[in-house]
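Report on one structure; see the data block that follows.
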Amino acid sequence: MIVERSMDPRWLSNAYLVADRVGGTAVFIDSGAPAEPLLAAVDRLEVQPTDLLTTHAHMDHVANHRLLEERFGLRVYAASDEGVEGAEPLGHGEVVEAGDLRIEALRTPGHTRGMLAFVVDGEAVFTGDTLFTGSVGGTGDAFDDLRRSIMDVLMGLPHELVVYPGHSEETTIGREWDENPFVRVWRGADPEGTERCHVEGAEATLVVWGHDYDGGGKAWVRFRDGRDAVVGGSRVTRTGH
């Protein structure tokens, strides 16, 4: 398996070309990064792209869908509830085969309702905006969905699998099991934090503070009514006690 990546300099969003071999078959996973590096890789590797797999429908992951679809006549796949126009629906456990590539879709809602991760040849998993290196995706009101997607689905994969996230650098399942501060609290390795904070004026408890892919912070907070959420660090005012 060959993986080529393009990353947008503003959004830090990744788009990938995955090929079975030089001169073989390839697929794209997401398209929100500049297309030129991936198009150059298609020519350099002399591969034939057949499919475009969509983790989720946010603009920083689908910006060049139409360009790639029209250039190569691709089949586009996405979860049925992501609203990707013209996409063939993929559900949990369904498989797409492209050349010698075997790609299994895993439903991982939380950041969006229909988020999909893709396990390729049992060697790598493309996690979209569910799991990042050292961080996780923001949730809105879907905190429990995100926790289940990470702990019950992704952390159940072999720890040697390489993780190609929707933003920034790659990691492995094992590294995130050992080092990701959100995962460590979810699995009981570290205690929940008790620091008081404010989230855009609302009182909350800061359960976990971690670094995000953009160099800022990411926080798991618990509001006074018991609701949990994962929010960007810029929304959190820490009180230090």
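For segment 1-152, give me the percentage of DSSP beta bridges that are antiparallel, rounded to the nearest 5 percent. Within segment 1-152, antiparallel bridges account for around 70 percent of the total. Charging the Cβ of each Asp and Glu at -1 and of each Lys and Arg at +1, and nothing else, the dipole of segment 1-131 about its Cα centre rounds to 180 debye. At what distance in nm do the modelled label points of Arg238 and Ala189 sit from each other, each positioned 7 Å from its Cα along Cα→Cβ? Computed distance between label sites Arg238 and Ala189 equals 2.1 nm.
Given +1 at the Cβ of Lys and Arg, -1 at the Cβ of Asp and Glu and no other charges, the dipole of segment 110-157 around its Cα centre is 80 debye to the nearest 20. In terms of packing, defined here as the mean over residues of other Cβ atoms within 10 angstrom, the peptides 12-19, 32-39 line up highest first as 12-19, 32-39. Please say if segment 1-112 is rounded, prolate or oblate, where rounded means a/c under 1.5 for a ≥ b ≥ c the square roots of the C-alpha gyration tensor eigenvalues, and otherwise the choice is prolate for a/b larger than b/c and oblate otherwise? Oblate is the answer for segment 1-112, as a/c is 1.5 or above yet b/c matches or exceeds a/b.
The H on the amide N of Asp212, modeled in the peptide plane, is under 5 Å from the matching H of Gly217, Lys218, each at least 5 residues off or on a different chain.
Here, each number is a calculation from the coordinates, and none is a lab measurement. These numbers come from a predicted model, not from an experiment. Glycine also receives a Cβ, built like all others from the backbone with ideal geometry; neighbour counts cover every protein chain displayed.
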